[in-house]
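Trainee: Pasting in a structure now, in structure tokens, and then I'll have a few things to ask.
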Amino acid sequence: MTHEFKEIVKEGIEAKENGVKSVLVSVVDLDGSSYRRPGVRMLILDNETMVGAVSGGCVEKEIILQSKSVFKTGEAKMMTYDGRYRLGCEGVLYILIEPFNPNEVFKKSFFKCLKKRQSFQLLSYYQKKEGVNSKYGSVVKIENASFQLNNMRNTENDISLSVFKQKMPACFKLVIVGAEHDAVKLCQFAALTGWEVTILAGIKEYKSIKEFSGANEFYATTPEAFNVSNIDNQTAVVLMTHNFAYDLRYLIRLKEAIPNYIGLLGPTKRREDLISQFIEYCPEVSSEFLESIHGPAGLNIGSETPQEIAISIISEILCIIRNKEPISLSKKTGRIHSL
């Protein structure tokens, strides 16, 4: 959810700079089940423009109505939404609506935190009952500093309030090594998923970031010159150069990093040959690194087109990072999401 909150902050800061008020909406508690779980957030501007969503659409209409009083008074409030007879989700949502008023110090610290790929914490203070309360509100903790997102009273030690705590990791990043048509499609779909995307192209491919919709960074480089210092456990890498030697050289370069996932295009035989040669060059490589390699990349969903292959690869990455075994939800017993 970090990428969603990042967009909320960006839009909220821009609105403030343009003299437009905004409110932050957070689902902080839940009885039963819902379309999305506590921790999901959205932003509403005073012209009723919405950034993000907390449900499939029905709840947002009621939230806009409830937010009018927050714009008027500047005080946070709690609302509930009973979806048992309207959404079919059999749940009651507890939703915190508060003025969103980030200051300049928070702005600098927040984007510095994102750039350094550090985690941060979000804490929302509330009670499970409807009404206005000047103690309600959210706080962002970055390292040892706390930043209030509205003008709430200091409530961190108030035992009458519940607190919803959420650790926010660095934004998930996908590094695509390759610049062919299939890489373009994977970049587009990954960006739509909310991931930060970096493209690595060969120095003789004469490509640019303009050809990769949604990409955050583009580098024309060699495997040996690739900077792996920002590769962490919130990063996936897909090798799709369509060149065995290049894939091998990139794999050797990546051995010092700890990506969450490394995907290889091509058949099983190609993967086996690639790993075999890789181990010859790097006999001391850790088992953890080898276990992060997945090839052929993607889930077996019958993908044929570049777009379908992109969906397959992104689906497998999600399964890996969420530690889920892919099955049809119609065959899953119990809740979709764990509590």
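Throughout, read-outs are computed from the coordinates displayed, never taken from laboratory work. Fair warning: this is a prediction, and the values are worked out from it, not measured in the lab. With ideal geometry, Cβ positions are generated from the backbone for all residues, glycine too; neighbour counts draw on all protein chains shown.
Trainee: Give me the net charge for the shell around K128: Cβ to Cβ below 10 angstrom, other residues only, Lys and Arg +1, Asp and Glu -1.
Mentor: On the way: positive: K129; negative: D29, D31, E130.
It works out to a net charge of -2.
Trainee: Right, something else. So how do 66-73, 221-228 stack up, highest first, on mean other-Cβ count within 10 Å?
Mentor: Details: 66-73: 16.4, 221-228: 13.9.
Listed from highest to lowest mean packing, they are 66-73, 221-228.
Trainee: Still on this structure, please answer the following. Provide the gained length on full extension for the span T73 to D31, in nm with one decimal, where the gain is 0.36 nm per separating residue minus the Cα-Cα distance.
Mentor: That pair, T73 and D31, stretches by 12.3 nm at full extension.
Trainee: Using a cut-off of 15 Å between beta-carbons, work out the net charge of the residues near E104 (Lys and Arg +1, Asp and Glu -1, E104 not included). All intermediate terms of the calculation are to be shown ahead of the outcome.
Mentor: Working: positive: K10, K16, K107, K108, K112; negative: E14, E17.
Residues near E104 contribute +3 overall.
Trainee: Using only Cα atoms, tell me the angle between helix 181-193 and the longest principal axis of the chain; keep it within 0 to 90° and round to the nearest 10.
Mentor: Helix 181-193 sits at roughly 20 degrees to that axis.
Trainee: Compare the Cα positions of N144, P99, Y81 along the charge dipole of the range 7-168 (+1 at Cβ of Lys, Arg; -1 at Cβ of Asp, Glu; about the Cα centre) and return the one farthest towards the positive end.
Mentor: Positive-most Cα among the choices belongs to N144.
Trainee: Can I ask one more? List the relative contact order of the range 7-168 as a percent without decimals, with contacts defined as Cα pairs under 8 Å and 6+ residues apart.
Mentor: Values: 327 pairs, mean separation 35.5, N = 162.
Once divided by the residue count of the range 7-168, the mean separation gives 22 percent.
Trainee: In addition: In debye, nearest 20: dipole of the range 7-168 around its Cα centre with unit charges on the Cβ of K, R (+) and D, E (-)? The partial results should precede the final answer.
Mentor: Values: 25 positive and 19 negative charges, 101 e Å.
Computed charge dipole of the range 7-168: roughly 480 debye.
Trainee: Restricting things to alpha carbons, tell me how big the chain is in terms of Rg and Dmax, in Å.
Mentor: Calculated on Cα positions, Rg and Dmax stand at 22.6, 68 Å.
Trainee: Relative to the longest principal axis of the C-alpha atoms of the chain, give the angle of the C-alpha long axis of helix 306-322, reported between 0 and 90° and rounded to the nearest 10°.
Mentor: Roughly 70 degrees between the two axes.
Trainee: Using a Gaussian network model of the chain whose springs link C-alpha atoms within less than 10 Å, name the residue from P283, P296, P99 with the highest mean-square fluctuation.
Mentor: P283
Trainee: Same structure, new question: Largest first and in whole Å, give the semi-axes of the range 260-335's equivalent ellipsoid, each being the square root of 5 times a Cα gyration tensor eigenvalue.
Mentor: Values: eigenvalues 145, 56, 16 Å².
Values for the range 260-335, descending: 27, 17, 9 Å.
Trainee: In percent, what relative contact order does the range 146-285 have, based on Cα pairs under 8 Å that are 6 or more apart in sequence?
Mentor: Numbers: 187 pairs, mean separation 28.5, N = 140.
Here the relative contact order equals 20 percent.
Trainee: Cut-off is 10 Å between beta-carbons; in what order do E98, E180 appear when sorted fewest neighbours first?
Mentor: Fewest-to-most ranking of E98, E180: E180, E98.
Trainee: Calculate the dipole size of the range 205-306 relative to its Cα centre from +1 charges on Lys and Arg beta carbons and -1 charges on Asp and Glu beta carbons; express the result in debye to the nearest 20. Show your work: numbers first, answer last.
Mentor: Values: 8 positive and 14 negative charges, 49 e Å.
With Lys and Arg at +1 and Asp and Glu at -1, about 240 debye.
Trainee: Non-local amide H neighbours of V175 (under 5 Å, H modeled in plane, Pro and chain starts lacking H): which ones?
Mentor: T198, A236, V237, V238
Trainee: Further, regarding this structure: Pairs K107/K135; K61/K116; K185/K331; K207/K269: which are spaced more than 26 Å apart, C-alpha to C-alpha?
Mentor: On the way: K107/K135 23 Å; K61/K116 37 Å; K185/K331 30 Å; K207/K269 30 Å.
Pairs exceeding the cut-off: K61/K116; K185/K331; K207/K269.
Trainee: Compute log10 of I(q)/I(0) for the range 173-322 with the Debye formula, placing one identical point scatterer on every Cα and leaving out solvent, at q = 0.14, 0.15 Å⁻¹, to two decimals.
Mentor: Once normalised to I(0) and log-transformed, intensities are -0.61, -0.71.
Trainee: Once Rh for the range 1-140 is found with the Kirkwood sum over Cα pairs, what is the Stokes-Einstein diffusion coefficient at 25 °C and 0.890 mPa s, in µm²/s?
Mentor: 160 µm²/s
Trainee: Here's something else I'd like to know. Given charges of +1 on the Cβ of Lys and Arg and -1 on the Cβ of Asp and Glu, with all other atoms neutral, how large is the dipole of the chain about its Cα centre, in debye to the nearest 20? Intermediate values should be presented prior to the final figure.
Mentor: Details: 42 positive and 40 negative charges, 172 e Å.
Magnitude of the dipole: close to 820 debye.
Trainee: Can I ask one more? Give a quick list of trypsin sites (Lys or Arg not before Pro) in the range 176-244 that DSSP marks as loop, anything other than H, G, I, E or B, with at most 13 other Cβ atoms within 10 Å. Could the numbers behind the result be given before it?
Mentor: Working: sites: K185, K204, K207, K210; in loops: K204, K207.
Here the trypsin sites (Lys or Arg not before Pro) that fit, given the DSSP loop and packing criteria, are K204.
Trainee: Taking the Cβ of L251 as the centre, find all other residues whose Cβ is under 15 Å away and add up their charges (Lys, Arg: +1; Asp, Glu: -1). Intermediate values should be presented prior to the final figure.
Mentor: On the way: positive: R249, R253, K255, R270, R271; negative: E224, D247, E256, E272, D273, E280, E284, E288, E291.
Charge balance near L251 sits at -4.
Trainee: For Cα pairs less than 8 Å apart in space and 6+ apart in sequence, what is the mean separation divided by the residue count of the chain, i.e. the relative contact order in percent? Intermediate results must be reported in sequence, preceding the final value.
Mentor: Numbers: 616 pairs, mean separation 37.7, N = 339.
Worked out over the chain, it gives 11 percent.
Trainee: Would you order S287, S109 from fewest to most other beta-carbon atoms within 10 Å of each residue's own beta-carbon?
Mentor: On the way: S287 7, S109 17.
Exposure proxy ranking, most exposed first: S287, S109.
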